[in-house]
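Visitor: Quick one: the structure is below, questions incoming.
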Amino acid sequence: MESLDARSDTPIIRLTEVKKSFDDHVVLDGFSLKVNKGESVVILGRSGSGKSVLIKCIIGLIKADQGKIEVMGRDISQLDTYGLDKMRAKVGFLFQSNALYDSMTVRENLLFPMRRHLTNLDRRESEQRVIEKLTHVGLADTIDMMPSALSGGMKKRIALARTLILNPEVILYDEPTTGLDPVTGKEISLLLRETQRKYNTSSLIISHDMKCVKRTADRIAILLSGKCYAVGTYDELKQSSDKNIHAFFE
């Protein structure tokens, strides 16, 4: 498995002048950004700035009005339903709510996506993959538990294990530390970083938790007034004299 040093300048996600409005409300107004292979980029913006809309546009849950969205070299606007489904199998999505199935055990939650997308795996291979991913998040002993028996931090870890089960090339994280206490939030942030290192995934993270941002971001893109207002490392942006940028680091 390649390490973070294997990063390249090849964009695995490229957004070009993306626009999205809902009636008269402009959410994205020409947003442009690229995420390179093996890189972790955080989208930073105020509540209601359009971060979640942007990430949903990337996987085709919401259709952009204008602009171009390329994922792994493919223009998603040119993909049919089958093509979108195939692309999404390579793009993991960690929902803010975790989106675990309450009626399924942890094992069944992880097996579910494999039954749909990896029909060539036999039962033994599927079980091995479930155990591998649960071991990675430190919760192999929860395999037969129900989600209702898990704490918030444990649910987040299980949701990450399920996100990893198809070995995605890209992972999109929607507010991964929201609702967690500071200690658990730190653990999840460090786990995200370790996941990137171990699996050489490319990550796009939505967050307003500055501690999470500092721990996970190779670069930060600030979403302001529907545009990519600034891009840089945590230290670069923190040192900026621009009041719109500095407001996030106070």
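Visitor: Please work out the FRET efficiency for the pair I131 and S77, using the Cβ-Cβ distance as r and a Förster radius of 35 Å; give the result to the nearest 0.05.
Guide: Result of the calculation: an efficiency of 0.35.
Visitor: Going by Cα centres, segment 171-215 and segment 48-105 are how many Å apart?
Guide: 19
Visitor: Calculate one ³J(HN,Hα) per residue across segment 134-142 by plugging θ = phi - 60° into the Karplus curve 6.51 cos²θ - 1.76 cosθ + 1.60, and present them in order as whole Hz with x for glycine and proline.
Guide: Rounded to whole hertz, the list is 5, 5, 4, 8, x, 9, 4, 7, 9.
Visitor: What percent does the relative contact order of the chain come to when contacts are Cα pairs within less than 8 Å and at least six residues apart?
Guide: Computed value for the chain: 27 percent relative contact order.
Visitor: Additional query: Treat every Asp and Glu Cβ in segment 52-179 as -1 and every Lys and Arg Cβ as +1, leave all other atoms uncharged, and give the resulting dipole magnitude about the Cα centre to the nearest 20 debye.
Guide: About 60 debye.
Visitor: Next up: Could you tell me the relative contact order of segment 141-214? Use alpha-carbon pairs under 8 Å, at least six residues apart, and round to a whole percent.
Guide: 36
Visitor: Once label points are set 7 Å from the Cα along Cα→Cβ at both S97 and I143, what is their separation, rounded to one decimal in nm?
Guide: 3.0
Visitor: I've got another one for you. Once both labels are modelled 7 Å past Cα along the beta-carbon direction, what's the Q239-S21 spacing in nm?
Guide: Those two pseudo-labels are separated by 4.0 nm.
Visitor: Work out the P(r) tail for the chain: percent of alpha carbon pairs separated by more than 31 Å, whole number.
Guide: Beyond 31 Å sits 23 percent of the P(r) for the chain.
Visitor: Measuring from label point to label point, each 7 Å out along Cα→Cβ, what is the R123 to K86 span in nm?
Guide: 3.1
Visitor: Counting only Cα, what are the radius of gyration and maximum Cα-Cα distance Dmax of segment 14-66, in Å?
Guide: So, for segment 14-66, Rg and Dmax equal 11.2, 37 Å respectively.
Visitor: Need one number: convex hull volume per residue for segment 106-167, Cα atoms only, in Å³.
Guide: In segment 106-167, the Cα hull volume divided by residue count equals 70 Å³.
FYI, it's all coordinate maths here, none of it is from the lab. Owing to the predicted nature of the structure, the values given are computational and were not obtained by experimental measurement. Positions of Cβ are backbone-derived with ideal geometry, glycine not excepted, and every protein chain shown enters the neighbour counts.
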